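The values are calculated or read from the model by the stated rules, or taken from the named source; none is laboratory data. All values reported here derive from a predicted model rather than from experimental measurement. Cβ coordinates were reconstructed from backbone atoms using ideal geometry, including for glycine residues, and neighbour counts include every protein chain displayed. These area figures cover heavy atoms from the full protein model, side chains too; ligands, DNA and RNA do not enter into them. Shrake-Rupley method; radii C 1.70, N 1.55, O 1.52, S 1.80 Å.
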Amino acid sequence: MQRLGLLACVAVIGLIAYAPDADAQRRDRGTVVFTQAAPQQTRAVVFAATAPAAAGTLVLPLGAAGDLEARAAALSADERAAVTRALAAAEFSYGARQSLSLRGIGGWNRIVIVGLGETTSMAVLQNIGAVLGRMLMEENGAVVVAATGLSAEQAAELATGMGIGEYRSDFYRTSGREETELGGATIVTETPAQAQDLYASRGRALVGAMAWVRDLSNEPANVVYPESFVQRAQAAFRGVEGVQIQVLNVPAMQRLGMGAILGVGRGSERPPRMLIVRYRGQGAPEGGPIVLAGKGITFDSGGISIKPAENMGDMKMDMSGAASVVGAVLALSRSRAPVNVVAIAALAENMPDGAAIRPGDVLTAMNGKTIEVINTDAEGRLVLADALSYAEARLSPEAVVDVATLTGAVRGALGDDYAGLFSRHDALADQLEAAGEAVGEPLWRLPLHESYAEDMRSTIADLRNTGGSGAGAGTGAHFIGEFVSRETPWAHIDIANMAYGAANDWKPAGSAGFGVRLLERFVRDYQPVPRGEPEN
Ligand code: BES
Ligand code: ZN
Ligand code: MN
């Protein structure tokens, strides 16, 4: 009888621990949003060999005074003379991104001249497109871009940039939103079919993925939390070929021993999730996937080591790394790239409540390493510890790259000019740097000094989650590196300084979508890095 009672008791405890919906029971209590995000508009893009009749806005990209000649098919002799006079009067320099807006010329509402500078770099052309896209957002009606004389690649890049620049983040503004009716954009080029192919096969997917990622970072944390992040990913990939999505809920993570991410998620009403998106395109190389892991803290209050109030709201963007890795796979899969890649989004909300982890608590990550939590605000490395352990144990990765808004310290080191790059494998670091250079998302490599191991040593566990040294970005990187074997080519990218910020000439205030273009380029161009003892 006693034995039976004991058995029943064990059974009940088992049920509580493994009830399939244990985390669904922690229900949302009143954080319902009654507001509805306004839909985004984008211009439909077509490429054509000749310009439509003068109407709406004409864009003239010019690298030098002589270029007006090459673009002139779109202009009458009178219009061309007027533009020439205006350029001289404004002392237009033709430098990249310089712009001049003219009204009252011929049949056009507006003629926008944009400088190309001397460069033909694709990244700069795309950025010029983004500046244009942003400028033209308040413009009703159609847009004609006179791109004759530019290559098909350049025309497609300009169009891609325009799509990226059209983004707006004022989802919840109910007044002061000008009611524009964005017309179509016609890009005039000698090679319309080629440009159209390039745009349709890659540019359009990048535009969509960038907007998807920026939405996630800009949306408030009462809208984007681990489960809703997952739902948005599922919706975005619906119908995309070659994609497999797996979601680990709390019981699944418990079974795998993911004590680190579960620890971070404990203080929140919104349960954590591990989202795994696999994409294998036709013609992908043999062997394991490139794994991209992202920090997905949907809100970082700091937890019990709570942050000061000033700018705490910006911490709704602390899932930007996760959004970027999933966004890169979205861009690659929608454009059917011949690659083998997996995105892992380590999703949790870092909140202080009675169940939250405390400073001093010890957590055990999936790879068995124990972690003394010194500061609950150093939570990104904790969720990544389990994401990387999972990658190593389950995915046989060719290479692992993690992306995270990890430390304020990276801004102290690099300002907002470069994201921080850390790696033990030179051949991997070089490829990431090259990709960043190519797309205009630059990385600067910082050291993984051996002294960081000492900084991160705990007296009671294998590791502690903050270091004593001043190299805050480096000790964070070192910590993450403890969860992937030394032989696996691995790199860590700290984007805390790049992911989110003030408005500029190509984006509104908020997310920059940093990392999508970088990772997309990197994965496409990837050359196998030999496994084995690292260079440093
Ligand atoms: N999410 C923050 C890092 C951050 C700070 C991103 C500012 C963007 C802007 C991260 O979780 C954090 O709190 N890091 C701490 C680490 C420290 C406790 C070792 C930091 O940077 O202060
Ligand atoms: Zn954080
Ligand atoms: Mn934090």
*³J(HN,Hα), Karplus 6.51/-1.76/1.60, whole Hz, each residue of the range 419-430, x for Gly, Pro*: 7, x, 10, 10, 7, 8, 10, 4, 5, 6, 4, 4
*Over all alpha-carbon pairs in the range 295-426, figure out the percentage whose distance exceeds 27 Å.*
25 percent
_Helix axis angle, 472-481 relative to the chain longest principal axis, alpha carbon, degrees_ = 60 degrees
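For the range 371-494, what D do you get in µm² per second when you plug the Kirkwood radius from alpha-carbon pairs into Stokes-Einstein at 37 °C and 0.692 mPa s? Intermediate results must be reported in sequence, preceding the final value.
Numbers: Rh = 14.7 Å.
The estimated diffusion coefficient comes to 223 µm²/s.
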*Which whole-angstrom value gives the distance between the alpha carbon centres of the range 295-309 and the range 260-279?*
14 Å
*Which whole-angstrom value gives the distance between the alpha carbon centres of the range 173-237 and the range 69-116?*
30 Å
_Kirkwood Rh and Cα Rg combined as Rg over Rh, evaluated for the range 477-530_ = 1.09
*Hey, if you drop one equal point scatterer on each alpha-carbon of the range 60-123 and run the Debye formula without solvent, what base-10 log of I(q)/I(0) do you get at q = 0.14, 0.20, 0.21, 0.27 Å⁻¹?*
-0.37, -0.74, -0.82, -1.28
_Net dipole in debye of the range 45-198 [+1 Lys, Arg Cβ; -1 Asp, Glu Cβ; about Cα centre; nearest 20]_ = 300 debye
_Excluding exposed DSSP-loop chymotrypsin sites (Phe, Trp or Tyr not before Pro) (at most 14 other C-beta within 10 Å), longest clean stretch of the chain_ = 173-536
*Rounded to 5, the percent of DSSP beta bridges in the chain classed as antiparallel*: 40 percent
*For the range 152-257, restrict the atom set to alpha-carbon positions and state the Rg and Dmax in Å.*
18.5, 59
*Starting from the exponent 0.38 and prefactor 2.2 Å, build the expected Rg for the range 299-360 from its residue count and divide its actual Cα Rg by it.*
1.54
*Averaged over every viewing direction, what's the projected area of the C-alpha convex hull for the range 342-391? Give it in nm², one decimal, please.*
3.6 nm²
*Heads up, I need the accessible area for Ser99: 1.4 angstrom probe, whole protein in place, Å², nearest 10.*
50 Å²
*Round to a whole number: what % of the accessible area of the range 358-427 belongs to carbon and sulfur, probe 1.4 Å?*
43 percent
*When the Kirkwood hydrodynamic radius is evaluated over all pairs of different C-alpha atoms of the range 251-312, what value in angstrom, to one decimal, is obtained?*
14.8 Å
*asked:* For the chain, what does the helix formula give at 222 nm: sum of -39500 (n - 2.57) over DSSP H segments with n ≥ 4, over the residue count, nearest 500 deg cm²/dmol?
replied: -10500 deg cm²/dmol
*Round to the nearest 10 and report in Å² the accessible area of Ser305, as given by a 1.4 Å probe over the protein chains' heavy atoms.*
30 Å²
*Ignoring ligands, DNA and RNA, how do Arg464, Arg110 rank by accessible area with a 1.4 Å probe, largest first?*
Arg464, Arg110
*In debye, nearest 20: dipole of the chain around its Cα centre with unit charges on the Cβ of K, R (+) and D, E (-)?*
1260 debye
_For the range 427-468, alpha-carbon Rg relative to the globular expectation (2.2 N^0.38 Å, N residues)_ = 1.71
*Between exposed GluC sites (Glu not before Pro) in the chain, where DSSP calls loop and at most 16 other Cβ atoms lie within 10 Å, what's the longest gap?*
311-449
*Quick one: Cα centre-to-centre distance for the range 423-465 and the range 476-508, in angstrom?*
9 Å
*How large is ³J(HN,Hα) for each residue in the range 142-154, as worked out from phi by the Karplus curve 6.51 cos²θ - 1.76 cosθ + 1.60 (θ = phi - 60°), to whole Hz, x for Gly and Pro?*
7, 10, 10, 10, 7, 10, 4, x, 8, 6, 4, 4, 5
_Relative contact order for the range 45-198: what percent, with Cα pairs under 8 Å and sequence separation of 6 or more?_
34 percent
*Return the Rg/Rh value of the chain, two decimal places, where both radii are evaluated on C-alpha atoms and Rh is the Kirkwood radius.*
1.03
_Output the 0 to 90 degree angle, nearest 10, between the alpha-carbon long axis of helix 77-89 and the longest principal axis computed from the alpha carbons of the chain._
60 degrees
*Could you quote the convex hull projected area for the range 45-198, Cα atoms only and averaged over all directions, in nm²?*
8.9 nm²
*Roughly what angle does helix 2-18 make with the longest principal axis of the chain, taking Cα atoms, 0 to 90 degrees, to the nearest 10?*
10 degrees
*Does the range 452-498 classify as rounded, prolate or oblate by the C-alpha gyration tensor (a ≥ b ≥ c root eigenvalues; a/c under 1.5 gives rounded; else a/b over b/c gives prolate, otherwise oblate)?*
oblate
*In Å², what does the accessible area per residue of the range 45-198 work out to with a 1.4 Å probe?*
41 Å²
